[in-house]
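What follows is a single structure, written as structure tokens, with notes after it.
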Ligand SMILES: N[C@@H](CCC(=O)N[C@@H](CS)C(=O)NCC(=O)O)C(=O)O
């Protein structure tokens, strides 16, 4: 076992290395270490030593002693180490791939905040039973870590305060202003999401099979969990309706054996 990959099945960006590992069939070289975000395990003192940004995925290659803590770098590392087959040889296509990855990870990276916020009273009613218990569990995790790690107590308390505010926004009958503020934020995030979907649709309009041409690349790897997440939050009709090229593209990436890791 040479490579540790810190992951969590429902996580959006932690799906990136899993897709690559499946695509390349290198599961035997990898040990997955589960970091339960619902218990705030990504804030344990040990995990913060590994990644002070408290995000997954994290990759540790015990052979080379290399550690990577961002999915874009983790993806490149895994691909480079296994022959670079998910990176185009053509320099222009390579640049285009990079541009797509930058787009997905920039201001349009809305999958997580969209998931945790609601956009209306009705949406709040639909999501509350799923989101609020998750947030409560995370608070339990931070309370536990605050008790055992005095040096980080203020940091954990800040996480708790921010999360309690989000939970309040779900109680719109008692916190109208907080709820309306959350809805506004959610709508703004969704506009960015729609904008991203239109950009991807436009890219595919010349009939290419994948985001930068006829072959599956790291751009598609990063786009896959984003599309899956947006479809989970908003439903297929909102995400793919009227976007025929994106619809066909999503069917194509969904049909790949590695999609089972999503
Ligand atoms: N830019 C980072 C973002 C990673 C990220 O945001 N990961 C999420 C899970 S998808 C996370 O760990 N969030 C921490 C949390 O929820 O506390 C990357 O691409 O690796």
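The values are calculated or read from the model by the stated rules, or taken from the named source; none is laboratory data. Here the structure is a predicted model, which means the values were calculated and not measured. We place every Cβ from the backbone using ideal geometry, glycine too, and count neighbours over all the protein chains shown.
Remarks
- Of the listed requirements (1) in contact with a strand residue (DSSP E or B) (Cβ under 9 Å, 6 or more places away or on another chain); (2) over 30 Å from residue 127 (Cβ atoms), residue 212 misses just one: (1).
- Selected residue [within 13 Å of the ligand (Cβ to nearest atom) and either modelled with pLDDT of 95 or more or outside any loop (DSSP other than H, G, I, E, B) (or both)] from 100, 73: 73
- Among the residues listed as 87, 72, 82, the single one being closer than 25 Å to residue 104 by Cα, under 17 Å from the mean Cα position of the chain (by Cα) and touching a residue at least 24 places away in the same chain (Cβ under 8 Å): 72
- Among the residues listed as 21, 26, the single one being touching a helix residue (DSSP H, G or I) at 6+ places or on another chain (Cβ under 7 Å), at pLDDT 95 or above, over 30 Å from residue 153 (Cα atoms) and away from the ligand (no atom under 12 Å from the Cβ): 21
- Flag if residue 208 is surrounded by 14 or more Cβ atoms within 10 Å (Cβ to Cβ) and in a loop (DSSP other than H, G, I, E, B): yes
- Of all residues in segment 29-60 being in a loop (DSSP other than H, G, I, E, B) and within 10 Å of the ligand (Cβ to nearest atom), the one that is farthest from residue 141 (Cα to Cα): 57
- Contacts under 7 angstrom Cβ, first residue in segment 108-132 being free of Cβ contacts under 8 Å to residues at least 40 places away in the same chain, partner within 12 Å of the ligand (Cβ to nearest atom), 6 or more apart: 131/116
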